[in-house]
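Below you'll find the structure, written out as structure tokens, and then a few comments.
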Amino acid sequence: MIQISPKELAAIKLEEVEKLLNEKLADDPSVNEILMDVRRCVIKREGNTMGPDTEQYEPMDQHEERASYEAELSRVAPAFFKEMVAGLAKPGQDIINGLTPQTADALHMALGICGEAGELADAVKKWAIYLKDLDRENVVEELGDLEFYMEHIRQLIGITREETIQYNIQKLGKRYEGHIYSDQQAQDRADKK
């Protein structure tokens, strides 16, 4: 499988495409076709020839060159993306084989948190965006469901609620001097340095 990100694809050099072509030549004809398209795209971008038996691309001004390159890239990038996803997605059976009762339980709790967080967000959205009265009972219910799922994960892993709260206090104390919010400190994220 080809594993090239869109960012890498945009910066790829002709030598790198040639190397990929040589590595993949006997593997998969559809991959080679994609690589040949990328090769043509890079050649246009770099203003090179495609080889002794092929045409010379006329030099383009910078705007034409960029437009031509972007058009060619947008044509071949979806195929690369498809290959990248196929190569990076862990097979479901491998995931199942790797699960233990504890990790399956933790996954169930984590997915529960996602679902309940979505329900909480929906209740707040209706209040904040649609200007409906806050359904306080629903908010309390969703927060309680979140607490349930979080507590079970903490129990599975051996973490206390107090430990998570203390850690959060310390982290935010590093981020926000005196535990007082500012946009600048939020952007700087001193706790991540």
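The values are calculated or read from the model by the stated rules, or taken from the named source; none is laboratory data. In this text the structure is predicted, and so the values were computed from the model without any measurement. For neighbour counting, all protein chains shown are included, and Cβ atoms are generated from backbone atoms with ideal geometry for every residue, glycine included.
Odds and ends about this structure:
- The range 117-163, residues that are among the small types (Gly, Ala, Ser) and closer than 30 Å to Pro101 by Cβ: Ala117, Gly118, Gly144, Gly158
- Members of the range 149-188 found to be closer than 27 Å to Ala104 by Cβ and not in a helix (DSSP H, G or I), listed by number: Gly158, Ile159, Thr160
Residues are listed down the side, and each one gets a yes or a no for (1) exposed (fewer than 12 other Cβ atoms within 10 Å of the Cβ); (2) at pLDDT below 95; (3) at negative phi:
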{"position": "Gly87", "(1), (2), (3)": "yes, yes, yes"}
{"position": "Gln102", "(1), (2), (3)": "yes, no, yes"}
{"position": "Leu107", "(1), (2), (3)": "no, no, yes"}
{"position": "Ile113", "(1), (2), (3)": "no, no, yes"}
{"position": "Glu116", "(1), (2), (3)": "no, no, yes"}
{"position": "Ala128", "(1), (2), (3)": "yes, no, yes"}
{"position": "Glu137", "(1), (2), (3)": "yes, no, yes"}
{"position": "Glu141", "(1), (2), (3)": "no, no, yes"}
{"position": "Glu162", "(1), (2), (3)": "yes, no, yes"}
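- You will find that of Leu111, Leu146, the residue that is assigned to a helix (DSSP H, G or I), closer than 29 Å to Arg189 by Cβ and touching a residue at least 12 places away in the same chain (Cβ under 8 Å) is Leu146 and no other.
- Qualifying residue in the range 69-85 (condition: polar (S, T, N, Q) and either surrounded by 11 or more Cβ atoms within 10 Å (Cβ to Cβ) or modelled with pLDDT of 95 or more (or both)): no
- Among (1) touching a Phe, Trp or Tyr at 6+ places or on another chain (Cβ under 6 Å); (2) touching a residue at least 24 places away in the same chain (Cβ under 8 Å) - the single one Gln185 does not satisfy: (2)
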